[in-house]
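Asks: Attaching a single structure in structure tokens format; questions to follow.
The values are calculated or read from the model by the stated rules, or taken from the named source; none is laboratory data. The shown structure was predicted, so the numbers you read here are calculated from the model rather than taken from an experiment. Backbone-built Cβ (ideal geometry, glycine too); neighbour counts: all protein chains shown. Quick note on the areas: whole protein, heavy atoms, side chains included, nothing else; ligands and nucleic acids left out. Shrake-Rupley method; radii C 1.70, N 1.55, O 1.52, S 1.80 Å.
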Amino acid sequence: MHVDDSGSAAAALHVAVGVIRDGDGHVLVARRGANQHQGGLWEFPGGKVEPGEEVTAALARELDEELGIRPLATRPLMTVPWRYADRAVVLDTHLVARFAGSPAGREAQSLRWVAENELAALDFPAANRPILAALRLPETYLITPEPPASADGERAFLAQLERRLAAGVRLVQLRAREADAAAWHRLGSRAASLAAAHGAALLLNGDVELARTLGVGVHLRASQLLELRQRPLPANQWVAASCHNHHELQQAAALGLDFAVIGPVCPTASHPGQAPLGENAFASMAAASQLPVYGLGGLGPEDVARLRAAGGQGVAAIRGLWDETNAPPGE
């Protein structure tokens, strides 16, 4: 990524970043020169957006100058505003699914194709960490409804969860606020086993200790988020949070969380008296967030493209993803 090192923290450098994928699940990374800012670290190719230049045009120009390739199919991934001690940057990140040409280091930079699940083992600049999370996250986040209290109801609930996992759900938040401690532990354990069997990730609503015990993730309520002073789980367990304003998003980023859920974006039957944020406010919050964000509230898989266009990772939903009548979420 060629960025003029004369930038300062006062004026953010607007950078177009390309996450270039091949057809085999690998991503192209480049090593920064030793004399550059964050020198010696790996990064995604790209460079500075010139004044008046469209981001897609800047990305095409930079990929040609750096690698000798021309992007053919791109889509926005996320925007990352980041402040280092000596400068501020805004990484306008796009996925590049198809390109013409064969990548070569035209600026004598080292290149490497890396499997997506191995990217976390490389040393990236801090501003790239949210991009790594976004690459691992799916475009839909299923939040379960409250499980029935009866034994038969619990069995039916878990059977439905397994059907949704078999249909393609890969990220699940388990909620059971009415369950007693024994039922909650049992549900969490069984849901964790189901998720693992399908290669999916499970997050428990609010229960850090049980998440630590089961080796799964946790989804923090906004009230919990504001009370914490450090990330509650290690890096190999997802930690997310519900956020309703910029302050909560800033707290989530300061704690090093992995992603956030913003809502309600649209009117929802479960909270009829709560005014929705609307897509414009969601887009504003997504643009200012240092984390990938899902939109929640009155949304389903059919809304993924709109939320992506607004800068989101995708859609979080209860009814929109739990109901059998909805189409399986695509990736």
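Asks: Hey, residue 90 hits all of (1) under 23 Å from residue 313 (Cα atoms); (2) modelled with pLDDT under 95; (3) not hydroxyl-bearing (Ser, Thr, Tyr) but one; which does it fall short on?
Replies: Condition (2) is where residue 90 drops out.
Asks: Right, next: Suppose we filter 129, 83, 70 for residues that are modelled with pLDDT of 95 or more, open to solvent by 80 Å² or more (accessible area, probe 1.4 Å) and not acidic (Asp, Glu); which single one remains? Before the answer, list the steps.
Replies: Numbers: 129 fails: modelled with pLDDT of 95 or more; 83 fails: modelled with pLDDT of 95 or more.
Just one listed residue meets the conditions, 70.
Asks: Where the second residue is of a type outside the set (Ser, Thr, Tyr) and not in a helix (DSSP H, G or I) and the first is under 14 Å from residue 193 (Cα atoms) and lies in the range 155-167, which pairs have Cβ atoms under 6 Å and are six or more apart or on separate chains?
Replies: Listed pairs, sorted by first residue: 165/198; 165/200.
Asks: I've got another one for you. Which of the residues spanning the range 27-37 are modelled with pLDDT of 90 or more and either open to solvent by less than 60 Å² (accessible area, probe 1.4 Å) or part of a loop (DSSP other than H, G, I, E, B) (or both)?
Replies: First, the residues of the range 27-37 that are modelled with pLDDT of 90 or more: 27-31.
Matches in the range 27-37: 27, 28, 29, 30.
Asks: Does residue 195 satisfy the criteria of being touching a helix residue (DSSP H, G or I) at 6+ places or on another chain (Cβ under 6 Å) and crowded, with 17+ Cβ neighbours inside 10 Å?
Replies: Working: touching a helix residue (DSSP H, G or I) at 6+ places or on another chain (Cβ under 6 Å): no; crowded, with 17+ Cβ neighbours inside 10 Å: yes.
For residue 195, the condition - touching a helix residue (DSSP H, G or I) at 6+ places or on another chain (Cβ under 6 Å) and crowded, with 17+ Cβ neighbours inside 10 Å - is not met.
Asks: What are the residues in the range 280-296 that are over 12 Å from residue 80 (Cα atoms), open to solvent by 10 Å² or more (accessible area, probe 1.4 Å) and not hydroxyl-bearing (Ser, Thr, Tyr), if any?
Replies: 280, 281, 283, 296 - these are the residues of the range 280-296 that are over 12 Å from residue 80 (Cα atoms), open to solvent by 10 Å² or more (accessible area, probe 1.4 Å) and not hydroxyl-bearing (Ser, Thr, Tyr).
Asks: Confirm whether residue 75 is among the charged types (D, E, K, R), touching an Asp or Glu at 6+ places or on another chain (Cβ under 9 Å) and open to solvent by 40 Å² or more (accessible area, probe 1.4 Å).
Replies: Numbers: among the charged types (D, E, K, R): yes; touching an Asp or Glu at 6+ places or on another chain (Cβ under 9 Å): no; open to solvent by 40 Å² or more (accessible area, probe 1.4 Å): yes.
Here the answer is no, as residue 75 does not meet what is asked.
Asks: Okay, moving on. Can you pull out the helices (runs of 4 or more DSSP H) entirely within the range 204-294 that have at least 2 residues that are of a type in the set (S, T, N, Q)? Give the steps one after another, and end with the answer.
Replies: Working: elements: 208-214, 222-227, 246-254, 279-288.
Qualifying helices (runs of 4 or more DSSP H): 222-227, 246-254, 279-288.
Asks: Any idea which residue in the range 93-141 is nearest to residue 259 (Cα to Cα), counting only those that are under 14 Å from the mean Cα position of the chain (by Cα) and in a strand (DSSP E or B)?
Replies: Among residues in the range 93-141 that are under 14 Å from the mean Cα position of the chain (by Cα) and in a strand (DSSP E or B), the one nearest to residue 259 (Cα to Cα) is 141.
Asks: Here's a follow-up. Limited to the range 168-188, what total is found for residues that are closer than 20 Å to residue 313 by Cα and open to solvent by less than 70 Å² (accessible area, probe 1.4 Å)? Full working, then the answer.
Replies: Filtering the range 168-188 for residues closer than 20 Å to residue 313 by Cα gives 168-174.
Narrowing the set further to residues that are open to solvent by less than 70 Å² (accessible area, probe 1.4 Å) leaves 168-169, 171-174.
Qualifying residue count for the region: 6.
Asks: Quick check, is residue 240 surrounded by 18 or more Cβ atoms within 10 Å (Cβ to Cβ), within 27 Å of residue 159 (Cα to Cα) and either touching an Asp or Glu at 6+ places or on another chain (Cβ under 8 Å) or in contact (Cβ under 8 Å) with a residue 40 or more places away in the chain (or both)?
Replies: On the way: surrounded by 18 or more Cβ atoms within 10 Å (Cβ to Cβ): yes; within 27 Å of residue 159 (Cα to Cα): yes; either touching an Asp or Glu at 6+ places or on another chain (Cβ under 8 Å) or in contact (Cβ under 8 Å) with a residue 40 or more places away in the chain (or both): yes.
For residue 240, the condition - surrounded by 18 or more Cβ atoms within 10 Å (Cβ to Cβ), within 27 Å of residue 159 (Cα to Cα) and either touching an Asp or Glu at 6+ places or on another chain (Cβ under 8 Å) or in contact (Cβ under 8 Å) with a residue 40 or more places away in the chain (or both) - is met.
Asks: Let me ask you something else. Output the residues belonging to the range 300-312 that are in contact with a helix residue (DSSP H, G or I) (Cβ under 6 Å, 6 or more places away or on another chain) and either within 26 Å of residue 147 (Cα to Cα) or open to solvent by less than 10 Å² (accessible area, probe 1.4 Å) (or both).
Replies: We begin by selecting, within the range 300-312, every residue in contact with a helix residue (DSSP H, G or I) (Cβ under 6 Å, 6 or more places away or on another chain); these are 300, 310-312.
Scanning the range 300-312 gives 300, 312.
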